[in-house]
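The values are calculated or read from the model by the stated rules, or taken from the named source; none is laboratory data. Not measured: the values here are computed from a predicted model. So basically every Cβ, Gly included, is an ideal-geometry build from the backbone, and we count neighbours across all protein chains shown. Side chains are part of the model used for accessible areas, which takes the heavy atoms of the whole protein and leaves out ligands, DNA and RNA. Shrake-Rupley method; radii C 1.70, N 1.55, O 1.52, S 1.80 Å.
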Amino acid sequence: MEYTENRNFWLRVMTYVSAFLLVAATIMSFTYPGAERSMGEVQRLFYIHLGSFFGSFLTFSVAVVAGIYYLRTRDNKWDRLEASSVEIGLGLSAVTIVTGAIWARPTWGTYWTWDPRLTTIAIMWLTYAAYLFLRSAIEDPERKRRFAAVYAIIAFSSVILTIVIIRVRPDVIHPTVAGPSTTSADVRGEFNVTPRIRDTVFFNIFTYCVLSAVLTWHRIRIENKSDFIQERKLSILGNM
Amino acid sequence: MKDNQRFVTSYWRVVLLVARKDLRAEIRGRELISSMFLFAFLAVVIFSFALELDREARENSVAGVLWVTIIFSGMLGLARSMAVEKDKGSLDALLIAPVHRSALFYGKALANLLFTLVIALLLMVLLTVLFNISLFVWQVLVVLVLGCIGFTVSGTLVSSMSVYARARETLLPIMLLPVILPVLISAVRASGALLAGLKAEDWLPWMQLLALVDVVFLIITYFLFDYVVEE
């Protein structure tokens with residue numbers, strides 16, 4: 001795919017917009033809502049934690065849709081979208097895990113515990129890491145794309161598991177922010193959501209979704225450029 | 001027999017025929033089961049030394065030892081069963097047969113399931129003797145079958161992809177282990193709770209989760225195997 005000046009312009013605009021949003025969201029997380037009563041200032045990590053999780057959820061969902069479309073159409077652009085989304089999603093879910101661990105230390109008294117939610121998100125991260133490993137291990141490009149699409153579809157089951165598990169297991173200590181749950185509120189360390197907290201949460205989720213889309217776009221552009229250079233190289237060598 | 005009947009074999013017959021082919025090859029060669037069992041035996045011995053198990057520790061860890069050993073020795077079988085098909089070119093012969101591709105897949109998975117179950121049952125005898133804990137509770141056997149189904153179905157799909165890779169021996173565990181972790185976790189929890197003699201509410205949810213994962217794997221693989229082997 002050719003990159004016109006127009007497309008580059010919009011990518012640049014979106015990059016500035018997402019950078020602005022990220023700064024604004026961070027400032028908002030630190031100033032707009034008050035400190036939480038029982039957890040204090042550390043609870044502010046929650047906005048980044050949830051935002052980056054939604055970002056990675058978005059990219060992994062895009063990856064599974066792109067995988068299905070690739071298998072149906074065999075158009076390389078879907079494969080590029082799939083691979084780029086998985087890479088960005090891995091980065092964002094690493095942010096989720098790290099912020100969660102930092103937050104857990106003062107709240108639960110430990111960085112890591114084998115709570116069902118923590119276990120499933122670790123599984124999710126490892127599955128997508130295996131996806132990248134698969135891509136690098138298969139030489140034939142057509143087969144690589146096909147297997148990667150198949151594995152991206154299987155791997156999405158780990159994302160679904162991560163989302164479903166806190167709603168069906170009674171022994172999770174991870175809070176369920178939205179939707180039904182079987183645990184009682186005091187076990188989960190739930191906090192009362194004031195309108196200010198809610199606004200900050202939504203703004204952060206929005207920011208991280210925009211950010212993941214822009215990053216994926218950049219990643220696709222790099223992939224397209226490297227394909228373009230490869231083709232150029234071959235055509236120049238062919239003319240010599 | 002009419003002409004069209006000779007070529008159009010029914011779906012389940014193909015599944016059974018493919019599975020029977022693998023079983024016959026195994027009965028004649030006897031290299032898969034023996035190497036898997038030897039590996040499993042060694043793993044159990046190593047576990048007993050590494051964990052320095054006393055009576056109480058053995059009771060707590062027997063479910064984990066059982067499942068980890070089943071999965072690692074099962075992985076040896078999976079890697080081999082697909083690698084043999086591909087290296088000898090018999091996979092291509094199977095694929096040009098005028099039958100539904102998923103029937104071939106379920107046939108391979110069925111054969112792998114039987115091998116893994118044989119190993120699992122031998123392991124249970126072995127653990128009963130070496131750990132001095134009786135594992136033969138009928139619910140544990142149900143968990144065993146469910147867990148092996150989930151493991152072999154996803155394992156057969158993943159191993160049919162990993163045989164095409166450069167480093168196939170390393171790729172199979174890396175790709176397969178995260179996918180089957182839900183199976184492993186629920187199987188270990190269910191059999192652990194059963195062996196500890198806990199109430200139904202402690203093991204039944206895990207068993208249900210295990211059955212759910214099995215159904216999901218069976219459905220996904222039905223659709224995906226076609227894309228893995230097409231060419």
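Here are a few things to note about the model shown:
- Any hit, region B:183-200, residues being over 18 Å from B:G64 (Cα atoms), more than 12 Å from chain A (Cβ to nearest Cβ) and either of a type in the set (K, R) or in a helix (DSSP H, G or I) (or both): yes
Conditions (1) in contact (Cβ under 8 Å) with a residue 40 or more places away in the chain; (2) small (G, A, S), marked per residue:
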| position | (1), (2) |
| --- | --- |
| B:G29 | no, yes |
| B:S34 | no, yes |
| B:A43 | no, yes |
| B:E52 | no, no |
| B:R58 | yes, no |
| B:L66 | yes, no |
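- Yes/no for B:I220 being at the interface with chain A (Cβ under 8 Å from one of its Cβ atoms) and open to solvent by 50 Å² or more (accessible area, probe 1.4 Å): no
- Test: B:S154 is surrounded by 24 or more Cβ atoms within 10 Å (Cβ to Cβ), at the interface with chain A (Cβ under 10 Å from one of its Cβ atoms) and within 17 Å of B:F225 (Cβ to Cβ): yes
- Top-ranked residue in region A:99-131 [being open to solvent by 50 Å² or more (accessible area, probe 1.4 Å) and assigned to a helix (DSSP H, G or I); ranked as nearest to the other protein chains (Cβ to nearest Cβ)]: A:L126
- Selection within region A:149-163: residues that are open to solvent by 10 Å² or more (accessible area, probe 1.4 Å) and in contact (Cβ under 8 Å) with a residue 60 or more places away in the chain. The member of this set that is nearest to the other protein chains (Cβ to nearest Cβ) is A:I153.
- Considering residues of region B:162-176 that are open to solvent by 10 Å² or more (accessible area, probe 1.4 Å) and assigned to a helix (DSSP H, G or I) only, the residue nearest to the other protein chains (Cβ to nearest Cβ): B:I174
- Residue check for A:S85: open to solvent by less than 10 Å² (accessible area, probe 1.4 Å), closer than 15 Å to A:Y131 by Cα and hydroxyl-bearing (S, T, Y): yes
- Tally, over region B:183-212, of residues that are closer than 19 Å to A:T119 by Cβ and open to solvent by 20 Å² or more (accessible area, probe 1.4 Å): 13
- Conditions (1) more than 10 Å from chain A (Cβ to nearest Cβ); (2) at pLDDT below 90: number failed by B:V125: (2)
- Residue match in region A:136-148 (condition: assigned to a helix (DSSP H, G or I), crowded, with 18+ Cβ neighbours inside 10 Å, within 19 Å of the chain's Cα centre (by Cα) and within 14 Å of chain B (Cβ to nearest Cβ)): yes
- Cβ-Cβ contacts under 6 Å between residues 6 or more apart (or on different chains), taken from a first residue in region A:51-80 that is within 14 Å of chain B (Cβ to nearest Cβ) to a second residue that is part of a helix (DSSP H, G or I) and hydroxyl-bearing (S, T, Y), are listed as A:L71/B:Y227; A:W78/A:Y69; A:W78/A:Y70; A:D79/A:Y70.
- Lone unmet requirement of (1) open to solvent by 40 Å² or more (accessible area, probe 1.4 Å); (2) at pLDDT 90 or above; (3) closer than 12 Å to A:I154 by Cβ for B:V179: (1)
- Any hit, region B:138-149, residues being part of a helix (DSSP H, G or I), open to solvent by less than 10 Å² (accessible area, probe 1.4 Å) and of a type in the set (F, W, Y): no
- On inspection, A:T194 passes the criterion of being at pLDDT 65 or above, farther than 30 Å from A:T15 by Cβ and of a type in the set (S, T, N, Q).
- At least 2 residues being open to solvent by 40 Å² or more (accessible area, probe 1.4 Å), within 29 Å of B:L210 (Cα to Cα) and hydroxyl-bearing (S, T, Y) is the threshold, and among the helices (runs of 4 or more DSSP H) wholly inside region B:1-114 those reaching it are B:32-51.
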